[in-house]
Amino acid sequence: MDPTTPARPTGYTPPPPVIEPGHTFRSVTDQISSIVLTRRQPLAWLITLLIGFLFVNILGVAVGYLLLKGIGIWGNNIPVGWAFDIINFVWWIGIGHAGTLISAILLLLRQDWRTSINRFAEAMTLFAVACAAMFPLIHTGRPWLAAYWLFPYPNTMSLWPQFRSPLIWDVFAVSTYASVSALFWYVGLIPDLATMRDKAKKRFAQYTFGALSLGWRGSARHWQRYETAYLLLAGMSTPLVLSVHTVVSFDFSVGILPGWHATIFPPYFVAGAIYAGFAMVLTLAIPLRRMYGLEDFITMRHLENMAKVTLVTGLMVVYGYAMEAFYAWYSANQYEKFMIVNRITGPYGWAYWLLIFCNGVVPQTLWIKRLRTNTIWLFIMALIVSVGMWLERFVIIVTSLHRDFLPSSWDMYYPTIWDFATFFGTVGLFVTLMFLFVRLLPMISIFEVRTLLPDAKVKGSEGH
């Protein structure tokens, strides 16, 4: 043992490796690229894609009928004017947070374990934002009669958006987030697209990957410009991780409605978004690593680190729940007190206690290492957290609206089959886009994984 190496405590177990030993540059490239370049795909991939495409068709029917009839087909009423549409919008935006956080923030913090999961986490961000963007548009009912008034352009009636409204801030925040995330994702793909171009056998694939790789040759000048651009985009993306869901929380917190008017909403929403996002990354990573035999690249260290982040952000979310109740009591405001009592014991009390179970109780099992490293339990737990985060948005929106200041206007909200069809249709769209991405592009960054190999470190130390 090297005398300069600090002694390890008794019983110390080293952490699992970021990449399993025994791989070379060629084996990494061949195994990851073969997923795209091979004709045959696992049967599970085909079945999942077909199920997702089935729900995409249901989405098409639901949206088509909505445009024909208007939002009267939904369960929205007065006073519950925001329901499944805004619930799903906030839920999908939250899911898209983990991709940028894994890619940008962990890159700046030089965390090696991000390299095997950042690519499909970034893709997940783009597809989740695409699903989220649908809902504000179809929420207007008939976009060709209303949506164009939302854009800031001169018109004969001098109708301009209210730029002091957080709803307009949402448009700029989400569109900026989507644009920067897409650019960040594509720039990271360029070296791997060139690798796919060089390994492809068919002429169509060679031309396609060649065009997408923008003439990449791997020269020192190309790498220098790539690293500069990638770091700049990472720096731009980092504040967006915090700003987007902060602005989304302003949709509620700037209002005077009990249950919404809370200063804790911005950090509480950001923590919840990262929480839901990491849960979705686990939901995707666990079956994909098994489906394609990628256990050597997406190791238990990746899954355990994501489980730890999920646990920490879950504790933040539970703290937010406690503060909501504390504010309602400490404010001595009768409306705030009624809101929290109605939320806990009212007709939607089942949703509140179910979200406490999903988001507060179940993730506490991650304190136990045996469960934290059990892939089956991690997958089940991630699904439960996704359900819990959806219920959180349901509770915040519906229970705050259905009983407001005027008892004569109280009413219950009951979603219709078209509400469910639209929501599950976007889930199908997300799954379809995700599995098409896995088939058409390398879902793990080839060149970044190769930098983790011992050969790369040896050559780097020799100055090559």
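Rule-based calculations on the coordinates, nothing more; no lab input. Quick caveat, the model's predicted, so the values are computed rather than measured. Neighbour counts are summed over all protein chains in view; Cβ atoms, including those assigned to glycine, are modelled from backbone coordinates with ideal geometry.
Values computed for the structure shown
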quantity: Peptide ranges 204-217, 340-353 listed from the most packed, as the mean C-beta count within 10 angstrom indicates; calculated: 340-353, 204-217
quantity: Taking segment 224-281 and dividing mean pair separation by its residue count, relative contact order in percent (alpha carbons under 8 Å, at least six apart); calculated: 29 percent
quantity: For segment 21-170, size of Cβ-based charge dipole, Lys and Arg +1, Asp and Glu -1, in debye; calculated: 220 debye
quantity: Taking only Cα atoms of segment 204-267, radius of gyration then Dmax in Å; calculated: 21.2, 59
quantity: Cα convex hull of segment 139-278 - mean projected area over all directions, nm²; calculated: 13.7 nm²
quantity: Of the DSSP H helices in the chain, those whose Cα atoms cover at least 15 Å axially and whose Kyte score averages 1.6 or more; calculated: 43-69, 375-401, 417-440
quantity: Convex hull volume per residue for the chain, taking Cα atoms only, in Å³; calculated: 189 Å³
quantity: In Å, descending, principal axis extents of the Cα set of segment 60-218; calculated: 58, 39, 34
quantity: The chain, relative contact order [Cα under 8 Å, separation at least 6], %; calculated: 32 percent
